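So the structure is just underneath, and the comments pick up after that.
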Amino acid sequence: MKAIAYRESLPIEHANALLDLELPEPSATGRDLLVRVQAVSVNPVDTKIRRNSAPAANQAKVLGWDAAGVVEAVGDQVTLFKPGDRVFYAGDITRPGSNAELHLVDERIVGFMPATLDFASAAALPLTSITAWELLFERLGVTPDTEGALLIVGAAGGVGSILTQLARQLTRLTVIGTASRPNTQAWVRGLGAHHVIDHSLPLSEELKRIGVPAVTHVASLTQTEAHYEQLIAALAPQGKLGLIDDPTGPLDMRPLKLKSLSLHWELMFTRSMFETADMAQQGVLLNRVAQLIDAGQLRTTLGENFGAINASNLKRAHALIESGKAQGKLVLEGF
Ligand SMILES: NC(=O)c1ccc[n+]([C@@H]2O[C@H](COP(=O)([O-])OP(=O)(O)OC[C@H]3O[C@@H](n4cnc5c(N)ncnc54)[C@H](OP(=O)(O)O)[C@@H]3O)[C@@H](O)[C@H]2O)c1
């Protein structure tokens with residue numbers, strides 16, 4: 001089968017940063033589905049692993065976690081899916097990735113694709129939807145009745161693009177998204193944010209400008225170290241700070257004490273990595289997202305289609321992600 005992989009950790013400009021390879025086809029056992037991949041999306045985690053985790057000597061590592069495709073075969077313990085089903089999922093970071101024509105994934109972390117979307121539009125969604133859903137409803141504990149204001153830092157990115165919609169559509173929170181450029185600001189408004197502020201300006205002044213002096217919840221999605229002190233200042237007493245990124249250095253927890261602020265980590269790979277007892281919740285939430293898409297309450301976050309799934313197009317997508325200027329999700333389709 002065709003697959004895109006790497007053998008050495010190299011800067012994305014290097015000719016061998018990603019390679020077009022021919023690899024043996026896997027086969028499904030146990031609870032695994034064998035999926036014929038139709039479209040994938042690229043996430044910052046793909047680029048972080050490519051740069052920081054070199055495969056063992058003579059090995060090739062396949063990246064890519066988001067996928068949309070068709071079930072080709074199922075393992076002997078599979079109960080939820082059958083060959084021919086159209087599925088979308090974000091996979092498991094401990095296993096080979098989805099940048100391959102055929103891919104294995106545990107059925108418990110898979111959802112049925114939204115009926116109203118094509119493969120590319122569906123592939124944009126799973127990893128970021130799981131992250132945003134778990135962060136908002138499970139880690140920050142927001143319910144449909146929660147009142148207050150949510151500040152989303154990096155709202156035009158992959159995670160922000162779906163989190164903004166979930167918060168606006170499914171809660172009573174006032175949703176404030178940050179974006180620094182005219183096109184990303186317009187994108188965040190289009191996703192339903194009540195207010196858009198600029199993360200390149202002092203956040204306290206920006207919040208004053210929109211008449212929201214303090215927020216009850218923060219989702220710090222990127223560059224947390226650059227905004228950390230300002231986020232603590234922006235939070236109301238007993239507020240909640242949610243993190244998903246990889247701060248470059250240690251974060252001092254002591255300033256959280258004065259206002260009894262709580263810190264909440266989200267990692268969407270935790271459930272699959274540790275095979276937690278509630279791992280199948282990710283399949284459940286993907287099916288819920290698909291229903292909300294089909295009901296017209298959420299829309300795809302696809303920002304740009306980079307064309308066929310090959311090393312050359314994937315390198316362009318990795319480069320854009322690494323620039324920090326992605327708007328919505330970057331998707332590739334077909335081999
Ligand atoms: N823990 C998890 O489970 C999990 C899951 C998914 C992602 N992540 C991590 O979360 C981070 C965000 O992921 P993503 O997919 O949303 O990234 P992304 O799509 O690459 O984010 C791009 C956005 O970041 C914004 N941005 C750039 N510089 C910024 C700054 N200094 N302050 C605030 N925003 C800035 C940009 O907005 P402007 O162009 O308007 O400046 C751009 O729209 C990454 O580190 C990723 O690895 C973690």
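Annotation for the stretch 84-98: no member residue is touching a Ser or Thr at 6+ places or on another chain (Cβ under 8 Å), small (G, A, S) and farther than 24 Å from R271 by Cα. Within the stretch 283-311, if we keep just the residues that are in contact (Cβ under 8 Å) with a residue 40 or more places away in the chain and touching an Asp or Glu at 6+ places or on another chain (Cβ under 8 Å), the residue that is farthest from D20 (Cα to Cα) turns out to be L285. For the stretch 45-98, the set of residues classified as over 23 Å from Q291 (Cα atoms), among the polar types (S, T, N, Q) and in a loop (DSSP other than H, G, I, E, B) consists of S53, N58, Q59, Q77, T94, S98, listed by residue number.
Elements of the type helices (runs of 4 or more DSSP H) sitting completely within the stretch 260-335 and holding at least 3 residues that are more than 15 Å from the ligand (Cβ to nearest atom) and modelled with pLDDT of 95 or more: these cover 281-294, 311-323.
Checking each residue in the stretch 39-97 for being among the small types (G, A, S) and within 16 Å of the ligand (Cβ to nearest atom) picks out S41, S53, G64, A67, A90, G91, G97. Listed conditions (1) under 23 Å from the mean Cα position of the chain (by Cα); (2) on the phi > 0 side of the Ramachandran plot; (3) in the same structural domain as G177 (by TED's automatic domain parsing) are all met by Q238, apart from (1).
For the stretch 109-116, the condition holds for no residue, the condition being that it is assigned by TED's automatic domain parsing to the domain that holds L173, within 16 Å of the ligand (Cβ to nearest atom) and in a helix (DSSP H, G or I).
The values are calculated or read from the model by the stated rules, or taken from the named source; none is laboratory data. Keep in mind it's a predicted model, so treat the numbers as computed, not measured. Cβ coordinates were reconstructed from backbone atoms using ideal geometry, including for glycine residues, and neighbour counts include every protein chain displayed.
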